Structure formats: C-alpha cells, structure tokens
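Before any comments, here is the structure.
The values are calculated or read from the model by the stated rules, or taken from the named source; none is laboratory data. From a predicted model like this one, the values you see are computed outputs, not experimental measurements. Methodologically, a virtual Cβ is constructed for each residue, glycine included, from the backbone with ideal geometry; neighbour enumeration extends over all protein chains shown.
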Amino acid sequence: MFTWKKTTLDKLGFVSTGKQTHKPEYDPALFCGGMVPLIESQLVEGDRFFVGNARKYYNDLGIKQSRIYEAETVCITNNGRVNASILKVPSCLSNQLHGFNAFENISDPRFVKYCFNFSDIRRQLATISSIGAKYLPITKLLKIPFPNPPFELQQKIGKIISTYDLLIENYQSQIEEAKKQ
C-alpha cells in the first residue's frame, strides 16, 4: 500500500507566473508575424486536458518581454475560478497564468494537473484567493498542500485519467467538425 504524503507545489516542481512586461500588453507590435503562442487564461478554462488553441502569437519583440514555457507545463489560472491545463507546445503565458514544470522523477505533470480538480484543493484555493476581484497570487498557491504519492503511482494515475480526457476531447472535436458539415 502506498502512502500519500502531502507537500507544496514548489517541492514538486518549478512554479512561476507568466510574464508580460511591455505596455500596452496587447500592442500589435508584439504580434506582427508572430510564431510563439501566447496562452491567455480563457484558453485554460473548462478543465480541458490540453490548453486550447492560441489566438495570438508573439514575434521576437513579444518573446523578449515574456518567457517561453516548455511543452508539458501545467498552466494554472490565477484569476476567477482556478483551472489547470497542459501545454502541447512551447508557449508564452500571460500574466494571468502560473506555470508549473515538474521536477524529473519527482512529480508527473498530468497528475499535478488533475490535483487541481480535487474538491479539497479547489475549496482551499477558493478560500485563499484574494477577496473582491478573485486573484490567486503565487505566494498563496504555494501554501496549499498537494498529494504526493510515489512518482510511479502519479504516472499511472495521470496516464489512466488522461486517456479518458483525450478520448473526450477527440469526440468533442469530431462533433464540432460534424456540425460544420
């Protein structure tokens, strides 16, 4: 039998907030001819397994004022209702997202993504989010204890659940395509 210890996210991987230093944040000069996706919070809504398709792409100027996160980064919304999805491709994150990169052989990104669906974690996140305009600063996120079963078990759980999520997403895509015909 495995014991599920609890620990904070910073013990499981590297956590940082997306970066947009240029003002205005959506200056067209940052996007003209862009190739690197800018992931915004609405692309992480709805508890999708993978982040939705980007609508904006940074060019070199946009990349210089941001940061590129690697594929398999867990994107966590830090405004409103907390959701999490995984990047398919290297992308920049808006400043309304936190990025989590799992430490090798310590945590599995799929498992960590699903931890954000646990009712206990959702309740804690809602409780500690700033009052008024809901906002989840990284300092508060790092206070929440997350389950930390052995790495091999995290991989098994992540693989099993993600298989179902990917099937659901595939069926939803097929339904959308059928509606277009």
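Within region 59-72, can you find the residues that are surrounded by 16 or more Cβ atoms within 10 Å (Cβ to Cβ), hydrophobic (A, V, I, L, M, F, W, C) and assigned to a loop (DSSP other than H, G, I, E, B)?
Correct list: empty.
Check PHE100, PHE116 and return the single one that is modelled with pLDDT under 95, among the aromatic types (Phe, Trp, Tyr) and either farther than 30 Å from GLU25 by Cα or buried (at least 16 other Cβ atoms within 10 Å of the Cβ) (or both).
Within the list PHE100, PHE116, the selection yields PHE116.
Pairs only if they're at least six apart or on different chains, beta carbon under 9 angstrom, first in region 140-151 and closer than 18 Å to THR17 by Cβ and charged (D, E, K, R), second part of a helix (DSSP H, G or I) and modelled with pLDDT under 95; list them, first residue then second.
Cβ pairs passing all conditions: LYS140/LEU125; LYS140/ILE128; LYS143/GLN124; LYS143/ILE128.
Within the bounds of region 8-24, is there any residue that is part of a loop (DSSP other than H, G, I, E, B), over 26 Å from LEU125 (Cα atoms) and either at pLDDT 95 or above or aliphatic (A, V, I, L, M) (or both)? Write out each step before concluding.
Filtering region 8-24 down to residues part of a loop (DSSP other than H, G, I, E, B) leaves 8, 18-24.
Subsequent filtering for residues that are over 26 Å from LEU125 (Cα atoms) retains 21-24.
Restricting the remaining residues to those that are either at pLDDT 95 or above or aliphatic (A, V, I, L, M) (or both) gives none.
The answer is no; no qualifying residue exists.
Give the residue, chosen from ALA126, ALA102, ALA71, that is under 11 Å from the mean Cα position of the chain (by Cα) and within 27 Å of ASN148 (Cβ to Cβ). Explain how you work it out, then say what you get.
Numbers: ALA126 fails: under 11 Å from the mean Cα position of the chain (by Cα); ALA102 fails: under 11 Å from the mean Cα position of the chain (by Cα).
From the options ALA126, ALA102, ALA71, the qualifying one is ALA71.
I want to confirm something. Restricting to region 119-163 and keeping residues that are among the β-branched types (Val, Ile, Thr) and over 16 Å from VAL15 (Cα atoms), which single residue is surrounded by the fewest Cβ atoms within 10 Å (Cβ to Cβ)? Spell out how you get there, then give the answer.
The first filter runs over region 119-163 and keeps only residues among the β-branched types (Val, Ile, Thr), leaving 121, 127-128, 131, 138-139, 144, 157, 160-161, 163.
When the remaining residues are screened for being over 16 Å from VAL15 (Cα atoms), the result is 121, 127-128, 131, 157, 160-161, 163.
Details: ILE121: 18, THR127: 9, ILE128: 14, ILE131: 6, ILE157: 17, ILE160: 10, ILE161: 16, THR163: 12.
Looking at the filtered set, the residue picked out is ILE131.
Looking at region 99-114, is at least one residue in contact with an Asp or Glu (Cβ under 7 Å, 6 or more places away or on another chain) and over 20 Å from TRP4 (Cα atoms)?
Yes; the residues of region 99-114 include at least one that is in contact with an Asp or Glu (Cβ under 7 Å, 6 or more places away or on another chain) and over 20 Å from TRP4 (Cα atoms).
Please pick out the residue among PHE100, PHE50, PHE118 that is among the aromatic types (Phe, Trp, Tyr) and farther than 22 Å from PRO137 by Cα.
PHE50
Could you identify the single residue in GLY33, GLY52, GLY46 that is in a loop (DSSP other than H, G, I, E, B), of a type outside the set (Ser, Thr, Tyr) and at pLDDT below 95?
Details: GLY33 fails: at pLDDT below 95; GLY46 fails: in a loop (DSSP other than H, G, I, E, B).
Result: GLY52 is the single residue among GLY33, GLY52, GLY46 that is in a loop (DSSP other than H, G, I, E, B), of a type outside the set (Ser, Thr, Tyr) and at pLDDT below 95.
What are the pairs, 6+ residues apart or on separate chains, where a residue within region 51-66 that is under 24 Å from SER85 (Cβ atoms) has its Cβ under 7 Å from a residue that is in a helix (DSSP H, G or I) and of a type in the set (Val, Ile, Thr)?
VAL51/VAL44
Conditions (1) polar (S, T, N, Q); (2) farther than 13 Å from GLY18 by Cα; (3) touching a Leu at 6+ places or on another chain (Cβ under 6 Å), marked per residue:
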| site | (1), (2), (3) |
| --- | --- |
| LYS88 | no, yes, no |
| CYS92 | no, no, yes |
| ASN95 | yes, no, no |
| PHE103 | no, yes, no |
| ASP108 | no, yes, no |
| VAL112 | no, yes, no |
| PHE118 | no, yes, no |
| ARG122 | no, yes, no |
| LEU125 | no, yes, no |
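Go through region 131-181 and count every residue that is among the β-branched types (Val, Ile, Thr), within 17 Å of the chain's Cα centre (by Cα) and farther than 19 Å from VAL51 by Cα.
Of the residues in that region, 3 qualify.
Between residues in region 79-91 that are on the phi > 0 side of the Ramachandran plot and residues that are among the aromatic types (Phe, Trp, Tyr) and modelled with pLDDT under 95, which pairs lie under 9 Å by C-beta distance while being six or more apart or on different chains?
Final answer for the pair search is GLY80/TYR135.
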